[in-house]
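The values are calculated or read from the model by the stated rules, or taken from the named source; none is laboratory data. The model shown is predicted, which means the values in this text are computed figures rather than measured ones. As a convention, Cβ positions derive from the backbone with ideal geometry for all residues, glycine included, and neighbour counts pool all protein chains shown.
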Amino acid sequence: MVYYFYFVFPFTTTLILDPDAPFLCDPRNNTIEIYPHPTDFHKFIMCDQNDNTFVRLCPFGVADCNYVTSGCKYSNPCTQQEILAGNMYQHDPCGNQTNYVICTSLGIAEVTQCPRTRIWNHDTLHCVFEYVHDPSIPGSGSIPSIANPCLHVHSDHVYFPYPGDVTKYIFCDQFGNAFARTCPGGIWNEQSKTCVSGSSLIG
């Protein structure tokens, strides 16, 4: 997994105010904000809770801050309330489904990227396949034409019909992954949630 550290709260290093930095802070937002630097992609603009403006270099290991800030206002989701409640995993602040945030006990927010072909499922706190996965398909095994129907399923052994093919069905695991399965010598019966032999129709 790849980790990107895009802000720290509370500050663990000394920051120096930059009076020449462009003022981008939102006075209605009383949390830390992060913005792209308008002229230097190796830097970004940080606003503190009092709307003081700082210019920071990109985090270690991140060559281009456009990925970190992506033109969207970041505010630290790792608040004291969330940490005390034990909510150490958060959505990506800019809605990137392939990323999620891990909060440390000090309030440091770490943006983590799911493996390729997977997205974050906040219901189960796991990275899962974005589309129905068929291990028999060479390569990634993904079926881009069939979205994962298991994202908000909270129990193991849940089944869905396979679109356009009654000889198959979709199996959900406990994390919200969706797998294509083939009925052994029969067809899928949606009413009974089982494979049946003969010419039974899907319920």
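Being among the hydroxyl-bearing types (S, T, Y) and at pLDDT below 85 is the filter; apply it to region 78-111 and report the residue that is farthest from E33 (Cα to Cα). It would help to see each step written out before you state the result.
Of all residues in region 78-111, those among the hydroxyl-bearing types (S, T, Y) come to 79, 89, 98, 100, 104-105.
From what is left, the residues that are at pLDDT below 85 are 79, 104-105.
Values: T79: 13, T104: 18, S105: 20 Å.
Among those residues, the one meeting the criterion is S105.
Can you give me the ranges of the strands (runs of 3 or more DSSP E) entirely in region 93-203 with at least 1 residues that are crowded, with 20+ Cβ neighbours inside 10 Å and touching a residue at least 40 places away in the same chain (Cβ under 8 Å)? So that I can check it myself, show each step before the final result.
Values: elements: 99-103, 109-113, 118-121, 126-129, 131-133, 142-147, 158-161, 168-172, 178-182, 187-189, 194-196.
In region 93-203, 109-113, 118-121, 126-129, 131-133, 178-182 are the strands (runs of 3 or more DSSP E) which contain 1 or more residues that are crowded, with 20+ Cβ neighbours inside 10 Å and touching a residue at least 40 places away in the same chain (Cβ under 8 Å).
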Q) Quick one: would you say I83 is in a strand (DSSP E or B), on the phi < 0 side of the Ramachandran plot and without any contact (Cβ under 8 Å) to a residue 40 or more places away in the chain? A) no
